[in-house]
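Heads up: the structure comes next, in structure tokens.
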Amino acid sequence: MQYSGIKNKVAIITGAGEGIGFAIVELLLKAGANVVLNDLDKEKAESASTKLNSIYDGNCIAFSGDSGNLSVINNMVDFTLENFGRIDFIVPNAAITIFGSFLETSSEDFQKSLQLNLHGAYFLVQRAAQEMIKQGTGGKVVLISSQVGIRAYKNLTPYAMTKAALRMMAINLAYELGEHLINLNVVAPGATLTERTSNEQPDYSGMWGKLNPNGRVGKPEDIAKTCLFLLSEEADHINGQTIPVDGGWTTAGKYPEDL
Ligand SMILES: NC(=O)c1ccc[n+]([C@@H]2O[C@H](COP(=O)([O-])OP(=O)(O)OC[C@H]3O[C@@H](n4cnc5c(N)ncnc54)[C@H](O)[C@@H]3O)[C@@H](O)[C@H]2O)c1
């Protein structure tokens, strides 16, 4: 299906040099949007945008920097306005996943999780919403949560807390920004095979395939397709909702220790 209201729109996607963010940028460009592709890693951001520009008509510009940092966020929004003149879509996708038991979590790791996963998303959406309100044409935000922001999972508590908080952020802002026709929804990916997850765990697909009711792991495109729908006009009347894209794990998935 071809979605409406994507062509010529302007998007900022963070943490998009690879993985799920990259797949979101790819679908937006394919549908004719213009995208600022952010990544902490300058080389990754530049090579991803060069690759995508060689394939698609939409225009992709790299912007490197830590999307948890307030001055980077402000510079990124200014850069978007200078290059494209407006902002329509925001997907704060960059996040840090730190594993470890609750009893041994350091304050530093806890703060790192908050800084990128929550502070970064919060202030990017705040600054972009200010611009959207000035533009007077509304806008759309998709926050990236996680299956572990919905259902308990061991050794991921700070990460899971940030991912659950994003769902509350969308609920509150759907109310607070609704009158400006800015809507916010959340996609909660399940275990998804990306460069990072396949490096973290040998046989990631094999293990999570067994834990998910549908017998497979997610692909970055599974998540990106749901984001594209939520950014489109077809989703205009959906606001403040979370869609798990998880093969059914939050409904009836198993834990590794169940195998
Ligand atoms: N992959 C999964 O299984 C999974 C499951 C649930 C939720 N998620 C969520 O989906 C999103 C994307 O996940 P992923 O696995 O594709 O991501 P990832 O960990 O592979 O990171 C993607 C990119 O983000 C960049 N990045 C890291 N820190 C950054 C920062 N401070 N500023 C800007 N860029 C930064 C990295 O360089 C990398 O290129 C995240 O929010 C993650 O929490 C992923």
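The values are calculated or read from the model by the stated rules, or taken from the named source; none is laboratory data. Keep in mind it's a predicted model, so treat the numbers as computed, not measured. Ideal geometry is used to build each Cβ from the backbone, glycine not excepted, and the neighbour counts take in all protein chains shown. For accessibility, only protein heavy atoms count, side chains too; no ligands or nucleic acids. Shrake-Rupley method; radii C 1.70, N 1.55, O 1.52, S 1.80 Å.
Things to note:
- Across region 192-214, the qualifying residues are those that are touching a residue at least 24 places away in the same chain (Cβ under 8 Å) and more than 9 Å from the ligand (Cβ to nearest atom), and the one among them that is farthest from Thr251 (Cα to Cα) is Met207.
Yes/no per residue for (1) out of contact with any Asp or Glu (no Cβ under 9 Å at 6 or more places or on another chain); (2) open to solvent by 20 Å² or more (accessible area, probe 1.4 Å); (3) farther than 30 Å from His180 by Cα:
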| residue | (1), (2), (3) |
| --- | --- |
| Arg196 | no, yes, yes |
| Asp203 | yes, yes, yes |
| Asn212 | no, no, yes |
| Lys219 | yes, yes, yes |
| Ile223 | yes, no, no |
| Leu228 | yes, yes, no |
| Asp236 | yes, yes, no |
| Gly240 | yes, no, no |
| Pro256 | yes, yes, yes |
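- Cross-chain or 6+ apart pairs with Cβ under 9 Å, region 91-106 first and more than 12 Å from the ligand (Cβ to nearest atom), then at pLDDT 95 or above and of a type in the set (Ser, Thr, Tyr): Phe99/Tyr159; Gly100/Ser106; Gly100/Thr157; Ser101/Thr157; Phe102/Thr157; Thr105/Thr157
So that you can scan it fast, the table gives a plain yes or no per residue for (1) more than 22 Å from Leu228 (Cα to Cα); (2) near the ligand (Cβ under 9 Å from one of its atoms):
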site	(1), (2)
Glu131	no, no
Lys134	yes, no
Val141	no, no
Ile144	no, yes
Gln147	no, yes
Ala152	yes, no
Thr157	yes, no
Met161	yes, no
Arg167	no, no
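- Matching residues, region 159-194, being charged (D, E, K, R) and open to solvent by 60 Å² or more (accessible area, probe 1.4 Å): Arg167, Glu176, Glu179
- Output for region 127-154, where each listed residue is charged (D, E, K, R) and under 15 Å from the mean Cα position of the chain (by Cα): Lys140
- Selected residue [more than 23 Å from Leu230 (Cβ to Cβ), of a type in the set (A, V, I, L, M) and not in a helix (DSSP H, G or I)] from Ala62, Ala94: Ala62
- Complete set of residues in region 155-207 that are over 16 Å from the mean Cα position of the chain (by Cα) and in a strand (DSSP E or B): Ile182
- Count of region 28-41 residues which are closer than 16 Å to Thr194 by Cβ and surrounded by fewer than 22 Cβ atoms within 10 Å (Cβ to Cβ): 2
- Glu26 of a type in the set (D, E, K, R), assigned to a helix (DSSP H, G or I) and touching a residue at least 40 places away in the same chain (Cβ under 8 Å): yes
- Taking region 92-151 as the range and being among the polar types (S, T, N, Q), open to solvent by 20 Å² or more (accessible area, probe 1.4 Å) and over 22 Å from Ala174 (Cα atoms) as the test, the residues that pass are Thr97, Ser101, Thr105, Ser106, Ser107, Gln111, Gln115.
- Among the residues listed as Thr226, Thr194, the single one being in contact with a helix residue (DSSP H, G or I) (Cβ under 6 Å, 6 or more places away or on another chain) and at pLDDT 95 or above: Thr194
- Number of positions in region 56-82 that are in contact (Cβ under 8 Å) with a residue 24 or more places away in the chain, more than 15 Å from the ligand (Cβ to nearest atom) and open to solvent by 60 Å² or more (accessible area, probe 1.4 Å): 2
- Residue identified as open to solvent by 30 Å² or more (accessible area, probe 1.4 Å), touching a Gly at 6+ places or on another chain (Cβ under 7 Å) and near the ligand (Cβ under 10 Å from one of its atoms) among Lys44, Lys7: Lys44
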